[in-house]
Amino acid sequence: EKGTYPHYMLKEMDEQPTVIRKIIQAYEVEDGQLAIDEDILEALQAADRLYIIAAGTSYHAGLIGKQYFEKMAGIPVEVHISSEFGYNMPLLSEKPLFIFITQSGETADSRQVLVKIKELGYPTLTITNVPGSTLSREADHTLLLHAGPEIAVASTKAYVAQLAVLALAAYVTAQASGKDLTFDLKQELAIAANGIQTIIDSKDVLEDIAEDYLKIARNAFFIGRNIDFYVSLEGALKLKEISYIQAEGFAGGELKHGTIALIEEGTPVFALVTQEAVSLNIRGNVKEVAARGAYPCIISMAGVDEDGDRLVIPQVNELLTPLVSVVPLQLISYYAALHRRCDVDKPRNLAKSVTVE
Ligand code: F6R
């Protein structure tokens, strides 16, 4: 039940710190270490390549999951949109493991790929929020998100849960393979949960940004480099879904290869700056669009912030920034939809789980 909340989406965004803490508890074993089922760990370690299959927001989580598995565990990963997989079936490695990321566990496009992969006899793992869902039952293994029911059509807490579980699975696999990890994931996830809480506690700032940038905007851009690029894709999707503002996420460096033609006087451009290594480059991209009249909103992370950034989010581990940086984008979309009198929980033309191909 949404209780005193005006919308499920707001309630579900507020639950995000708790969801991360629940995930830590769910995957913690007696000695306080994080762990996943032995058979899942073996499947991950046995794979020479992971193929992540997903749609929509879950696909965006998969793009970040790739970074986690490659950077922590050293396992190559491909990420595929489920509805496209059938046409462009990649050449498979010797020992693939297929990972289906699906909040509902019912998405027909993703299930279609699972059916095909099972026919081919490859091992499968579903990462889902719904125990007993179709993709959970039909895959060899399941990792649960422990996010609690997600009712709002726009996915928020499930995305953050997907990132946390992907990070956890990558970390545990890396540990088991003797990789040298320089941080304690449990501690870093707890810090991320606190970081999200700080943002949630200052919602009025996000409401102001939404009013300032999006109340009458026709379109909006989200830009970022490296891991911030993937979060910008998710930020754009959230805004499109619930406020009906035409929005696109772009890699900062791609703008000049065409998209910059769309920048007009006052076009809102949200730039994420959480990665120190690319901070100067993305700030350069912001200057380029500003010089063409854009209205930029820099959302940076403490430690890479500069004077004049519109919002500075708390500092977290470099790999975990998406868990925190997505939250202001979710809230900005929510308030933009409210300012524009849109039905936040039930946007037009959308269903919570898409069971047609
Ligand atoms: C976006 C959204 C959709 C879903 C997509 C996949 O807010 O909710 O893009 O992410 O339909 O759904 P699942 O994860 O249930 O397979």
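The values are calculated or read from the model by the stated rules, or taken from the named source; none is laboratory data. Every value quoted in this text rests on a predicted model; they were computed, and no experiment measured them. Reconstructed Cβ throughout: ideal geometry from the backbone, glycine too, with neighbour counts over all protein chains shown. The area values use the complete protein model at the heavy-atom level, side chains included, leaving out ligands, DNA and RNA. Shrake-Rupley method; radii C 1.70, N 1.55, O 1.52, S 1.80 Å.
Taking 0.36 nm per intervening residue step and subtracting the Cα-Cα distance, what contour gain separates residue 48 from residue 218 on full extension? Working shown, then result.
Numbers: separation 170, 0.36 × 170 = 61.20 nm, distance 4.55 nm.
So the extension gain works out to 56.7 nm.
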Revision key, fill the gap. Relative to the chain, whose Cα atoms define the longest principal axis, helix 321-339 and its Cα axis are tilted in degrees, nearest 10, by 50 degrees
Practice item. Mind ranking 314-327, 10-23, 260-273 by how tightly packed they are, going by the mean number of other C-beta atoms within 10 angstrom, highest first? Key: 314-327, 10-23, 260-273
Review point. Could you give the nm distance between label points at residue 25 and residue 281, where each point is 7 Å from its Cα heading toward the beta carbon?
Key: 4.1 nm
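Calculate what fraction, in whole %, of the accessible area of the range 172-277 sits on carbon and sulfur atoms when a 1.4 Å probe is rolled over the protein chains.
Details: 2070 of 4440 Å².
Reported share for carbon and sulfur atoms: 47 percent.
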Check your understanding: Between the range 171-214 and the range 33-67, what's the alpha-carbon centroid distance in Å?
Key -> 19 Å
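Taking loop as defined by DSSP and a crowding limit of 14 other beta carbons within 10 Å, which trypsin sites (Lys or Arg not before Pro) in the range 195-254 fit? Intermediate results must be reported in sequence, preceding the final value.
Working: sites: 203, 215, 218, 225, 238, 240; in loops: 215, 218, 225.
Here the sparse-neighbourhood loop sites are 215, 218.
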Check your understanding: What's the percent breakdown of Cα-Cα distances in the range 169-265 across 5 Å bins, shortest bin first?
Key -> 3, 10, 13, 16, 18, 13, 10, 9, 6, 2, 0
Study note, to complete from the structure: Under the 7 Å Cα-to-Cβ spin-label approximation, residue 94 and residue 81 lie apart by a distance in nanometres of 3.3 nm
Review point. Excluding same-chain residues fewer than 8 positions from residue 22, which aspartates and glutamates have a Cα within less than 18 Å of its Cα?
Key: 12, 14, 30, 31, 37, 150, 184, 188
Point to revise | Helix 279-291 axis, angle to the chain major axis (alpha carbon atoms, nearest 10°) | key: 40 degrees
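Dipole magnitude of the chain about its Cα centre, charges +1 at Lys/Arg Cβ and -1 at Asp/Glu Cβ only, in debye to the nearest 20?
Values: 31 positive and 48 negative charges, 181 e Å.
Computed charge dipole of the chain: roughly 860 debye.
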Review point. What nm value, rounded to one decimal, do you get for the distance between residue 341 and residue 254 when each label is placed 7 Å out toward the C-beta?
Key: 3.6 nm
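Test of understanding: what is the full-extension gain from residue 244 to residue 137, defined as 0.36 nm times their sequence separation minus their Cα-Cα distance?
35.0 nm
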Practice item. Compute the normalised compactness of the chain: alpha-carbon radius of gyration over 2.2 N^0.38 Å, N being the residue count. Key: 0.95
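Just reorder 48, 201 by solvent-accessible area, largest first, 1.4 Å probe, all chains present. List each step's numbers first, then the result.
Numbers: 48 60, 201 110 Å².
From most exposed to least exposed: 201, 48.
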**Study point:** the range 109-144 and the range 231-253: distance between their alpha carbon centers, rounded to Å
**Key:** 28 Å
Revision key, fill the gap. Of the accessible area of the range 285-332, computed with a 1.4 Å probe and all protein chains kept, carbon and sulfur make up a percent value of 45 percent
Point to revise | Acute angle (nearest 10 degrees) that the helix 185-200 long axis makes with the longest principal axis of the chain, alpha-carbon atoms | key: 30 degrees
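List the trypsin sites (Lys or Arg not before Pro) in the range 122-181 that DSSP assigns to loop (not H, G, I, E or B) and whose Cβ has at most 15 other Cβ atoms within 10 Å. Which are they? Write down the numbers at each step before the final one.
On the way: sites: 137, 157, 179; in loops: 179.
Hits after loop and neighbour filter: 179.
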Exercise for review: Using the structure shown, select from 71/256; 186/240; 186/238; 118/186; 2/186 the pairs with a Cα to Cα distance greater than 31 angstrom.
Suggested key: 186/240; 118/186
Review point. How much of the accessible area of the range 12-88, in percent, comes from carbon and sulfur atoms when a 1.4 Å probe is used?
Key: 45 percent
Review point. Lysines near residue 116 by alpha-carbon distance under 26 Å, same-chain residues fewer than 8 away left out - which ones?
Key: 66, 95, 352
**Study point:** Full-stretch length increase - residue 18, residue 5 - with 0.36 nm per residue and alpha-carbon distance subtracted
**Key:** 3.0 nm
Study note, to complete from the structure: Charge tally for neighbours of residue 93 with beta carbon under 12 Å away, counting Lys, Arg as +1 and Asp, Glu as -1, is -1
Exercise for review: Per DSSP H run of at least 4 residues, take -39500 (n - 2.57); add these up for the chain, divide by its residues and hand me the 222 nm value, nearest 500 deg cm²/dmol.
Suggested key: -14000 deg cm²/dmol
Practice item. Could you provide, to the nearest whole Å², the per residue accessible area of the chain with probe 1.4 Å? Key: 41 Å²
Exercise for review: Positive end of the charge dipole of the range 129-266 (Lys, Arg +1 and Asp, Glu -1 on Cβ, about the Cα centre): tell me which of 148, 250, 229 has its Cα farthest that way.
Suggested key: 148
